[in-house]
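Remarks on the structure that follows.
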Amino acid sequence: MPTGTSSMVDPAFATLRQFARSKGPLERCELCCAGLGREHPHLVEIALRQIVCACEACATLFDGMSGRRYKRVFRRARLLDNFQMTDGQWENLLIPIGMAFFFHSSMEGRTVTLYPSPAGAVESPLPLDAWTEIVRQNLVLRQLQPDIEALLMNRVGHTHELSQAEYFLAPIDECYRLVGLIRANWKGLSGGSEVWTEIGRFFSDLRSRADAVTGRQNA
């Protein structure tokens, strides 16, 4: 990790256990206690950055809502073709690994940077000038929905000259799911083969579901 980079474990990590542990036969809506299927909506509790499992009826109450305690997380994912970022711009972000996600917090009025670690989601300071330059080159980032959608960067393969970097506009719960699977499967100093298999499976699945859009398009 670069010296001078301060970070803190994100408070949302408490809820990531739902992604990192085995589930019982029946989950329940955290608002009304109705039974949930394997696939069900999620909400974000904005002030705490927590993911909340919900039934369709409860989730519908928060469709497109702002200024409320919860927001519904929508399922659309987009793969950003022709995303503009140089290696120098990445280094200016001061992120110690090749993965990170960025979202705008309406509660805090700023863009938040988190990266996965064996301990959970870690927050990294975001240099404003570096982020402003990336947004200026990729106008699609102006479309990010506060609190519920993130720019997810995967530069692990690019760093090791094995594959191209990938950039997604992804639902925020998918980003936290990535954090959870890394924490659940990490072993030793390098993570072990299992965690990298899971990471590859995660991005393969996300890629298969994502709509391809250009990173330079305007809102």
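The values are calculated or read from the model by the stated rules, or taken from the named source; none is laboratory data. Just so it is clear, the structure is predicted and the values come from calculations on it, not from any experiment. Methodologically, a virtual Cβ is constructed for each residue, glycine included, from the backbone with ideal geometry; neighbour enumeration extends over all protein chains shown.
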Fill in: Options GLY109, GLY120: the member that is of a type in the set (Gly, Ala, Ser) and free of Cβ contacts under 8 Å to residues at least 60 places away in the same chain
GLY109
Worksheet item: Counting only residues that are part of a helix (DSSP H, G or I) and in contact (Cβ under 8 Å) with a residue 40 or more places away in the chain, how many does the stretch 61-91 have?
Response: 2
Practice prompt. Could you list all residues from the stretch 123-140 that are within 22 Å of ASP81 (Cα to Cα) and touching a residue at least 24 places away in the same chain (Cβ under 8 Å)?
Written response: ALA130, TRP131, GLU133, ILE134, GLN137, ASN138, LEU139, VAL140
Discussion item. Can you say whether ARG49 is surrounded by fewer than 19 Cβ atoms within 10 Å (Cβ to Cβ), within 23 Å of ILE199 (Cα to Cα) and modelled with pLDDT under 95, as far as the supplied structure shows?
Written reply: no
Fill in: Selection from the stretch 103-117 of residues that are modelled with pLDDT of 95 or more and either among the hydrophobic types (A, V, I, L, M, F, W, C) or touching a Phe, Trp or Tyr at 6+ places or on another chain (Cβ under 6 Å) (or both)
PHE103, THR111, VAL112, THR113, LEU114
Worksheet entry | The lone exception for HIS104 - which of (1) under 26 Å from VAL195 (Cβ atoms); (2) within 13 Å of the chain's Cα centre (by Cα) it fails | (1)
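Taking GLY64 as the residue in question, decide whether it is surrounded by 15 or more Cβ atoms within 10 Å (Cβ to Cβ) and either touching a Lys or Arg at 6+ places or on another chain (Cβ under 6 Å) or at positive phi (or both).
Here the answer is no, as GLY64 does not meet what is asked.
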Worksheet item: Among the listed residues ASN138, ASN154, which satisfies the condition of being modelled with pLDDT of 95 or more, surrounded by fewer than 22 Cβ atoms within 10 Å (Cβ to Cβ) and either of a type in the set (S, T, N, Q) or in contact with a Ser or Thr (Cβ under 9 Å, 6 or more places away or on another chain) (or both)?
Response: ASN138
Discussion item. I need a count of the residues in the stretch 196-212 that are touching a residue at least 24 places away in the same chain (Cβ under 8 Å) and either outside the structural domain of ASN82 (by TED's automatic domain parsing) or surrounded by fewer than 16 Cβ atoms within 10 Å (Cβ to Cβ) (or both).
Written reply: 4
Worksheet entry | One residue from GLY67, GLY37, GLY120 being in the same structural domain as GLY180 (by TED's automatic domain parsing) and either more than 25 Å from VAL156 (Cβ to Cβ) or at pLDDT below 95 (or both) | GLY120
Worksheet item: Only one of these conditions is not met by HIS104: (1) under 29 Å from ALA57 (Cα atoms); (2) part of a loop (DSSP other than H, G, I, E, B); (3) in contact with a Ser or Thr (Cβ under 7 Å, 6 or more places away or on another chain). Which number is it?
Response: (2)
Worksheet item: Looking at this structure, is PRO96 of a type outside the set (Phe, Trp, Tyr) and assigned to a strand (DSSP E or B)?
Response: no
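Applying the selection to the stretch 167-208, what residues are of a type in the set (D, E, K, R) and closer than 18 Å to GLN143 by Cβ?
The one that is of a type in the set (D, E, K, R) and closer than 18 Å to GLN143 by Cβ: GLU174.
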